[in-house]
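Bear in mind that the values in this text are calculations on the coordinates, not laboratory data. Everything numeric in this text was worked out from a predicted model, so none of it was measured. Positions of Cβ are backbone-derived with ideal geometry, glycine not excepted, and every protein chain shown enters the neighbour counts.
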C-alpha cells in the first residue's frame, strides 16, 4: 500500500462528524475574518475616494461590517451543520452585499482615483 493510500484510508476511518464540524467551524471563522479585513480595506479606500471628491462619509456600511464581525464568533458555537450553514450564509451574505453596494455605485470614482495614482507614479 502506498503512502497516499494509507493517508486516505486513515482519513476514511477516522474522519468523524465531530472532526468535520471542528474543521468546518475553524475554516468558516478564518474565512469570515479574512472577508472582514477585505471589506474593511475596501471601505477605507472608498472612504478616501469619497473624502477627495467631497462626498458624505460611509457610515452604514461600517455598521453592517461590524455587525457581521460580531456574528462571526457565533459560528464556533453552532451545533449542527445546518446551523453553521445558516449563520455562515448570514455573515458572508452581509459582507458580500457590502462589497457589491460599495463597488457598483462607486466604481467610476474609485477607478478615476486609482488612475490618478498610477498616472502620478509614472510621471
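Would you pick out the residues in segment 97-111 that are surrounded by 14 or more Cβ atoms within 10 Å (Cβ to Cβ) and without any contact (Cβ under 8 Å) to a residue 24 or more places away in the chain? None - no residue of segment 97-111 is surrounded by 14 or more Cβ atoms within 10 Å (Cβ to Cβ) and without any contact (Cβ under 8 Å) to a residue 24 or more places away in the chain, so the list stays empty. Residue 49 passes every criterion in (1) more than 13 Å from residue 25 (Cα to Cα); (2) without any contact (Cβ under 8 Å) to a residue 40 or more places away in the chain; (3) assigned to a helix (DSSP H, G or I) apart from (2).
Please determine whether any residue of segment 69-83 is surrounded by 12 or more Cβ atoms within 10 Å (Cβ to Cβ) and within 15 Å of residue 98 (Cα to Cα). Checked against the condition, which is being surrounded by 12 or more Cβ atoms within 10 Å (Cβ to Cβ) and within 15 Å of residue 98 (Cα to Cα), segment 69-83 yields at least one hit. Residues in segment 52-70 that are assigned to a helix (DSSP H, G or I) and without any contact (Cβ under 8 Å) to a residue 24 or more places away in the chain: 60, 62, 63, 66, 70.
The condition (being surrounded by 12 or more Cβ atoms within 10 Å (Cβ to Cβ), part of a helix (DSSP H, G or I) and either more than 19 Å from the chain's Cα centre (by Cα) or free of Cβ contacts under 8 Å to residues at least 12 places away in the same chain (or both)) is satisfied by just one residue among 114, 33, 94: 114. Only a single criterion out of (1) under 25 Å from residue 83 (Cα atoms); (2) under 21 Å from the mean Cα position of the chain (by Cα) is not satisfied by residue 60, namely (1). Residue count for segment 71-88, restricted to those that are in a helix (DSSP H, G or I), farther than 11 Å from residue 32 by Cβ and free of Cβ contacts under 8 Å to residues at least 60 places away in the same chain: 5.
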